[in-house]
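Reviewing the structure listed below.
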Amino acid sequence: MEREKMNKKVLILSSSPRRGGNSDTLCDKFAQGAADSGNHAEKIFLRDKKINYCTGCGLCNNNNYSSCSQNDDMAEILDKMIEADVIVMATPVYFYAMCGQMKTLIDRCCAKYTKIKNKDFYFILTAADGNKVSLIRTVEEFRGFLACLSGANEKDIIYGTGVWQKDDVNSTDLPQKAYELGKNV
């Protein structure tokens, strides 16, 4: 059976500092849609993980991008990214950029980024600002990461604008959109 028709491994990386916050809620809906269509969906709530900042030591480069000098949860996350067919990267947007938790994760991909190949990517962004144009900078940050990956395919983006307080997203059509995107990975 072709890879596209097989059940897919969907990895959802939620960088919200608030469990059940707006971007995290959309992650849950995406996961539900993916699971309801027979895919294996796993959400990693980054706040629950220990991910240190990259120290720039160069060990990963000296070891042909096979290991990192740090002993934290990033090695496990990287292995899951390598194994996934679909990766969802979700962030609240603070001061017109992705949150620090997501940026730290991206920086730490250095150890094995050459092994994150042929993945479909979805982005979920939420912000208090009601203007979609204000989120373009964050999308470009994600695209910069994808430009470093072989065979990365940007599939879709959820622009969650005008959602600031926890649960604001539930009064929009965005949870249904996230569910449908997950269902159709």
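Every number here is computed from the coordinates shown, using simple stated rules; none is lab data. Predicted model only: the values in this text are computed from it and were never measured.
Observations, loosely collected:
- J(HN,Hα) series, the stretch 94-101, from Karplus relation 6.51 cos²θ - 1.76 cosθ + 1.60, nearest Hz, glycine and proline x: 10, 6, 6, 8, 5, 6, x, 4
- Angle in degrees between helix 22-36 and the longest Cα principal axis of the chain, rounded to the nearest 10: 80 degrees
- In degrees, nearest ten, helix 136-146 long axis to first principal axis of the chain (Cα): 30 degrees
- In this structure the amide hydrogen of Ile124, modeled in the peptide plane, comes within under 5 Å of the amide hydrogens of Met89, Ala90, Thr91, Ile158, none closer than 5 places in sequence on its chain.
- Euclidean distance between Cα centres, the stretch 109-130 to the stretch 35-71, Å: 12 Å
- Size of the stretch 1-103: Rg and Dmax of its alpha carbons, in Å, are 15.4, 46.
- Only alpha carbons enter this Debye calculation for the stretch 74-121, each as an equal point scatterer, and the log10 of I(q)/I(0) it gives at q = 0.13, 0.19, 0.22 Å⁻¹ is -0.31, -0.64, -0.82.
- 28 Å tail of the calculated P(r), the chain, as % of Cα pairs: 21 percent
- Its Kirkwood hydrodynamic radius, worked out from the mean inverse distance over all distinct Cα pairs, puts the stretch 43-150 at 14.6 Å.
- Cα gyration tensor shape for the stretch 95-172, rounded if a/c is under 1.5, else prolate or oblate: prolate
- Scanning residues 5 or more positions from Cys99 or on other chains, those with amide H under 5 Å from its amide H are Tyr94, with H placed 1.01 Å from N in the peptide plane.
- Cα-based helix-to-principal-axis angle, 74-83 vs the chain, degrees rounded to 10: 80 degrees
- Rg over Rh for the stretch 136-185 works out to 1.05, both radii taken from alpha-carbon positions and Rh defined as the Kirkwood radius.
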